[in-house]
1. For the range 1-120, what D do you get in µm² per second when you plug the Kirkwood radius from alpha-carbon pairs into Stokes-Einstein at 10 °C and 1.306 mPa s?
2. What length, rounded to one decimal in nm, is gained on full extension from ARG98 through to ARG130, with 0.36 nm per residue of separation minus their alpha-carbon distance?
3. Let's test the formula: R0 of 35 Å, r as the Cβ-Cβ distance of GLU42 and SER111. What FRET efficiency results, to the nearest 0.05?
4. Given contacts defined as C-alpha pairs under 8 Å and at least six residues apart, what's the relative contact order of the range 1-67, whole-number percent?
Amino acid sequence: MRYDFSVRQIPNQLTAVSMHSRLRAAKAPVVVMGRFYSAMIERGLWVTQKELAAGLGVSTAHTSRMLAVARLPEVVLDAIADKPLSAAQVATLHVLMRQVGEKLISERAASLPPGSTTADIFAFLTTGQRPPHKGVSISFARGKKGGKKYLRIDHARHRERCLARSRDRIARECAVGDR
């Protein structure tokens, strides 16, 4: 899901602060937040990271981390767009690009299979080796509050459908405030 952070949608700082609040409330992925922060500085709504942080009511460290995400190559951003990444994982991606090379990391990211987990993405970007196909996983689980044991069967495609529904929900919640 792509968000529209254009001048038409966010014409001023007040609208930007409102959009920022909606994105945070919807727990938007770090890629979306990074793109938002970057768009606000590129458009000149705020000139510096420090001004952006003060205007949005966040720390300068947080602003710096979000902008670091936005500096990753677009193909890498697309691969991790819906993943909940930590600041350490983003830093790892930057180190990996310096050590292995941005071109090779971008090529690897472009060839990632859809539905890859965060661990699979990092493994593939680091080694170039495709992770083994994980179609179905089976595990034993216990019901809530010490309930009965049951057999849990997870399928990778089902997880992806659930993630897609979550992304769509976030986009709808952010779009509601734009009307």
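Values quoted throughout were computed directly from the atomic coordinates according to the rules given, and no laboratory measurement underlies them. Quantities reported herein were computed from a predicted structural model and do not represent experimental measurements. As a convention, Cβ positions derive from the backbone with ideal geometry for all residues, glycine included, and neighbour counts pool all protein chains shown.
1. Values: Rh = 15.0 Å.
D = 106 µm²/s.
2. Working: separation 32, 0.36 × 32 = 11.52 nm, distance 2.14 nm.
My answer for the length gained is 9.4 nm.
3. Values: r = 29 Å, r/R0 = 0.83.
Once the sixth-power term is evaluated, E becomes 0.75.
4. For the range 1-67, the relative contact order is 32 percent.
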